[in-house]
Structure formats: structure tokens, C-alpha cells
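Read through the structure below, which is laid out as C-alpha cells, and then see the notes.
What follows is calculated from the coordinates using simple rules that are stated; it is not laboratory data. Small disclaimer: the values here were computed from a predicted structure and weren't measured. Using ideal geometry, Cβ is built from the backbone for each residue, glycine included, and neighbour counts are taken over all protein chains shown.
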Amino acid sequence: MADDTHDIPTPKPMIEVENLTKLYGSRPAIRDVSFTVGRGEIVGFLGPNGAGKSTTMRILAGFLAATEGTVRIAGHDVAGASREVRRRVGFMPENNPLHSDMRVREFLKFRARLKGLGRQASRDRVDAVIEQFDLTDAARQMIGELSKGYRQRVGLADALVHEPAVIILDEPTIGLDPHQVRTVRQCIKQLAENHTVLISSHILPEVEVTCTKLMIFHEGRVVAADTPANLERTLGGQQRITVELEAEPEILETAWEEMAEVEHHRITPAEGRFQRCRLTPRDGLDLRPEIAALARSRGWPLRELTRDRHTLEDIFVHITRKDED
Amino acid sequence: MGTFITLTRRELAGHFLSFRGYVILAGVQFLLGLSLLLIVDALNNRPFDLPITEKFPSTGLFWLVLLLVTPVITMRTFAREKSTGTFETLMTTPVSDLQVVLAKFTGALGFYLLTFLPMAAFPFILKHYAAVFPEVDTGPVASTFLGIALIGSFFMALGCFTSSLTRSQIVAAMTSFTLGTGIFMVGLLGEISPPADTPLYAALRHISVLEHMKDFSSGIIDSRHVIFYLSLTAVFLFLTCQAIGSRRWK
């Protein structure tokens with residue numbers, strides 16, 4: 001939209017959230033959430049159901065008001081200048097509600113008009129999003145008769161029809177089959193070229209591959225926020241190495257004790273005459289080359305040498321469990 | 001304004017895109033047809049020198065339409081969007097609460113008025129088939145329609161309000177039916193109690209929907225009635241705005 005252009009020179013972050021709290025009655029849905037999102041970032045909200053992801057998104061989209069705290073999108077306050085914000089935000093709520101009694105093109109045109117596009121502009125934009133999300137075949141179909149994958153693309157097309165600066169997608173891939181998930185994921189990745197994107201999910205690999213930054217929600221708080229790589233590194237110190245060697249346990253015992261980089265080891269017998277060793281290296285070092293060299297020099301047959309890579313799944317479980325204790 | 005028109009068109013279309021819309025149309029036509037039958041019957045039995053429209057509210061079928069059909073028309077306005085979730089996508093577009101409320105109200109009222117449209121032909125049908133029938137007096141016909149529209153708009157606003165309170169269409173319909181019938185019954189109370197010179201009786205007469213309709217159907221446009229319905233409509237639309245704005249309350 002035309003007035004989006006004057007937002008671009010501002011070096012400020014696209015989304016600024018400060019001390020956001022939302023109470024439902026006396027029960028807090030989110031507590032003291034603060035973060036900023038830069039232009040062009042894809043941020044993933046991650047957390048179990050009921051952690052406060054949807055509530056945060058609804059406040060950002062201008063649907064709910066926060067009990068405390070401020071949200072600014074492109075410099076506009078969500079509470080004070082709600083309509084200015086809504087003009088700049090494309091929001092797809094959870095479960096992607098659509099009017100099932102409308103046809104795809106008709107629906108998108110209706111939505112474009114609601115979002116303030118003129119007659120000609122709405123026609124052009126609807127054509128553009130239909131093209132972009134490959135909906136040409138379905139353009140004349142009733143939304144109620146579409147498959148879930150198509151519906152999801154209609155929802156994305158709707159969120160994008162007014163060329164918003166910020167796109168907020170609540171659980172965009174829930175209930176889709178793996179093939180559809182991939183299609184939607186690719187759509188989202190393309191969006192990041194021109195938009196700031198927030199997506200939420202309770203499935204980790206979902207946000208891990210698409211997002212430049214992750215925010216982990218737990219019981220209404222943001223318990224961790226960083227790039228997927230950094231989050232992984234934070235917990236990298238506990239990366240363990242598994243080795244299976246054919247040697248006497250006592251000899252192995254002394255070998256590991258002699259190795260200064262091994263902080264902790266445990267040896268268990270495996271099938272045959274192999275021993276399974278679980279090694280915890282100091283400072284998250286990768287000891288695999290050293291171990292391989294050692295086995296070769298001692299002439300121990302080696303049949304496995306792996307390093308547990310901490311997946312974000314572990315991090316997620318780790319962080320949320322720690323919080324419960 | 002453009003947004004309001006877009007929304008209103010969608011609302012009206014929504015009524016016609018559902019099976020429910022046609023059930024309502026058929027039901028109303030049946031009841032109105034029945035009322036025509038009763039009017040013909042009345043004309044057969046004894047001479048009638050009053051405006052023919054005056055017979056209309058006293059057949060009772062109009063009240064059946066008003067009390068039963070208006071909740072069914074309005075129940076979908078907000079409750080349906082809330083239950084399907086489209087309310088969220090609607091309210092996150094740059095529309096104002098007032099635009100949404102007015103559009104939903106206008107759409108519902110428009111559909112309600114359209115269901116009464118065939119009734120405009122009744123005087124002419126009667127004229128065509130009656131052996132002796134005076135000229136159709138358009139004045140009372142117009143004022144009857146004004147009455148139908150004004151009373152209807154109040155019931156529509158009431159229905160929009162109850163629909164905005166819940167996500168269940170059934171609950172919305174039941175609530176507005178109960179409230180609407182309650183108001184109607186209060187008027188009826190003034191009707192059945194013996195005339196008395198008490199303030200209570202005067203008050204009952206003043207808010208009697210039956211009394212108002214009697215005036216409208218005999219060609220009297222009393223500004224008190226007009227203001228009564230317009231202000232009640234405004235009050236309930238205001239309450240609807242508050243109800244849907246309540247999600248933004250802290």
C-alpha cells in the first residue's frame with residue numbers, strides 16, 4: 001500500500017513488544033513478554049498448546065487488547081492506532097477460518113475490499129495472489145468444497161492480499177499432510193523476501209527449518225529467544241559421543257581415563273564382544289577424530305562412532321521441563 | 001462507506017446463500033398468505049369500511065412472523081462468525097466496530113424487509129378479485145410498511161445484540177425470542193387488562209407494540225412511535241458495539 005513506503009526508511013524494528021501481559025479474569029495468558037522483530041525476519045513462536053502463542057498473536061493483530069504493556073508495529077501503537085496497525089498486518093488465525101459459502105476469487109476480492117483496496121487494486125492483487133499460491137484451478141470453486149491444502153493456501157492468499165508489512169500465521173501447517181506441509185513451508189519461506197513473518201507452532205521441525213529466530217513460550221512467558229543455531233549451541237556442552245569397540249572393558253576404562261578431554265564415560269557390553277561407550281566430552285568438543293585415531297593405533301575394531309546432536313526438540317523439552325521443576 | 005457497502009452486500013448475500021434463508025422466505029410467505037386468507041374471509045362476512053390494512057395486524061400472523069422469524073434471521077449475524085472463527089479475521093481487517101454492526105444490522109433488516117415485499121401486492125390482489133372494492137389507499141399501505149420496518153428494525157437490533165453475546169446461534173435465537181416475546185407480552189398486558197386511568201396502564205399502552213402497529217396500519221404515523229423504535233434500535237445497536245468491542249477491554 002502507498003503509505004507503507006514512508007515506513008521503510010525508519011531503522012526501527014518492525015515489531016516492538018514491551019512487557020506484554022494479558023489476563024483472562026485473574027489467570028494470566030501471557031506474562032511480561034518483551035521482544036523485537038526486525039524487518040525481513042521470520043520468527044517462530046514455539047510452545048505447547050496454551051503457552052500464550054495465540055494470545056500474543058491476537059494482540060499483535062489488533063484483535064485483543066493487552067492488559068498491560070505496549071506493542072508497536074511499524075512504529076504504530078496497536079492500542080492507539082489499531083486500524084493503522086491492522087492495515088499493515090496480515091493475520092491468519094488458528095484453524096484458518098474461511099467463509100465456506102463463498103467462491104475463492106469472490107472471497108479474496110471481498111477480503112481485499114475490506115482491507116481498504118480500491119476496486120481495480122483489489123482485482124489486480126487478487127489475480128496476483130491467486131497466481132502466487134497456484135489457486136487458478138480453484139478460483140471458481142466453493143471454499144467449503146476445497147481440500148485442506150487448498151484452504152490453507154486460500155488463507156495465506158488472504159493474509160497477503162493487501163501486501164502487509166507483517167504477516168502473522170497461527171499454526172499454518174496444522175492438520176496438513178507432509179506434502180502439503182512442504183508446500184506451505186515453501187510459501188512461507190518465499191514471503192520472507194518482502195515481509196516480516198511470525199509463525200507459531202508446537203511442532204519443532206516446522207519452525208526450525210523456516211525461521212531465522214525462535215521464541216520458546218512456556219506458561220505465558222518467553223523462556224528462550226535466539227536463532228535456532230544459537231539455541232542449539234547453548235546446550236551443545238552436553239553433546240555426547242557413542243562408540244562401539246571390540247576391546248576388553250578394563251583396557252577401555254583406562255584409555256578413557258587417560259583422555260583428558262573426556263569428562264565422563266560409561267561402558268556397557270554390546271552384542272558380540274563389542275563394548276558400547278558413552279562419552280561426555282569437556283566443553284562440547286568433538287572428539288570423534290581422536291577416538292578414531294586411538295582405535296586405529298590400538299587395533300580395536302570400531303563399528304560405531306556417533307555424536308548426539310542436540311536437536312531443538314531436546315532444547316525445548318529441556319527448557320520447559322526445567323521451568324516446571 | 002465503501003467498507004460498509006462491501007460488508008452489507010456480503011451479509012445480504014449470506015442470507016441468500018444458505019438453505020436457512022429459503023426456509024425463512026417460504027415460512028414467511030406461508031404465514032402472510034394465510035393472513036391474506038383471513039382478510040378475505042373477514043371481508044366476506046361483513047362489510048368493512050376501514051382501510052383494509054387495519055385488518056392485517058389483527059390476524060395475529062404478523063406477530064408470529066415478527067416474534068419467530070426475526071430471531072432466526074439475526075441469530076447468525078455474530079454468533080456464526082464467532083463459532084466459525086471468521087469473526088477474528090473480520091475484526092483484524094481495518095474496519096471499525098460500528099461499520100461491522102451497522103452492516104450486519106442493515107443486511108438482516110434488508111432480508112427481513114424483502115420477505116415482506118410480496119405483501120405489497122395484497123391490496124391489489126384483493127382489488128382485482130373483489131366485486132366491489134374501493135381504490136387502494138396507498139397511505140395506510142405505506143404506513144403499515146413503515147410500521148413493519150420500524151418494529152422490525154427494533155427486533156433486528158435486539159437480535160444482533162443477543163447474537164453478539166454468544167457463539168451459539170441457538171442461544172442467540174432463544175435469547176432474542178425470549179426478550180422479544182417478553183416485550184410483546186408486556187404490550188399485550190395493557191391490551192387485556194381493563195382500561196384504567198392509572199400511570200401503569202398508560203405506560204403499558206405506551207410501549208405496546210400492538211397499539212403502535214394498530215396506529216401504523218390505520219394510516220397514523222405517530223412521531224412518538226417512530227422515535228420509540230428508532231431510539232430502541234439505536235440503544236441495542238450501541239449495546240452490540242459495546243459487546244463486540246468488549247474483547248478489547250483490559
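For A:Thr280 and A:His318, a Förster radius of 25 Å and the Cβ-Cβ distance give a FRET efficiency of 0.95, rounded to the nearest 0.05.
Using the Karplus relation 6.51 cos²θ - 1.76 cosθ + 1.60 with θ = phi - 60°, the per-residue 3J(HN,Hα) values for segment A:181-189 come to 4, 5, 4, 5, 4, 5, 4, 5, 4 Hz, with x marking Gly and Pro. When restricted to Cα atoms, chain A yields an Rg and a Dmax of 25.2, 82 Å, respectively. Computed per residue of chain A from DSSP H runs no shorter than four, each worth -39500 (n - 2.57), the mean residue ellipticity at 222 nm is -10500 deg cm²/dmol. Phi angles of segment A:286-292 translate, via the Karplus equation with coefficients 6.51, -1.76, 1.60 and θ = phi - 60°, into HN-Hα couplings of 9, 8, 4, x, 5, 5, 4 Hz per residue; Gly and Pro are given as x. Counting neighbouring Cβ atoms within 10 Å and putting the fewest first, the residues A:Arg185, A:Arg58 line up as A:Arg185, A:Arg58. Peptide A:57-69 has a mean of 3 when you count, residue by residue, the C-beta atoms of other protein chains within 10 Å of its C-beta.
Remark: mean inter-chain Cβ contacts per residue of A:107-114 equal 4, using a 10 Å Cβ-Cβ cutoff to other protein chain atoms.
Here the Karplus relation 6.51 cos²θ - 1.76 cosθ + 1.60, evaluated at θ = phi - 60°, turns the backbone of segment A:13-26 into coupling constants of x, 5, 10, 10, 10, 10, 6, 6, 9, 10, 9, 9, x, 9 Hz, with x for every Gly and Pro. Applying the criteria of a DSSP loop state and at most 10 other Cβ atoms within 10 Å to the GluC sites (Glu not before Pro) of segment A:207-281 yields A:Glu271. Largest GNM mean-square fluctuation across A:Gln186, A:Gln132, A:Gln120, computed for chain A with C-alpha springs under 10 Å, falls on A:Gln120. If you take the Cα centroid of segment B:48-110 and the Cα centroid of segment B:153-204, the two points sit 15 Å apart. Take each residue in B:91-101, count the other chain C-beta atoms within 10 Å of its C-beta, and the mean is 6.
Counting only DSSP beta bridges whose two residues both lie in chain A, roughly 70 percent are antiparallel. Computed from the C-beta positions of B:Phe238 and A:Ala229 and an R0 of 51 Å, the FRET efficiency is 0.40 to the nearest 0.05. Of all DSSP beta bridges in the protein assembly as shown, what percent run antiparallel (nearest 5)? Roughly 70 percent of the DSSP beta bridges within the protein assembly as shown come out antiparallel.
Put the Cα centre of segment B:1-41 next to the Cα centre of segment A:244-312 and the gap is 80 Å.
Of the residues B:Thr92, B:Thr115, the one with the fewest other Cβ atoms within 10 Å heads the list, and the complete ranking is B:Thr115, B:Thr92.
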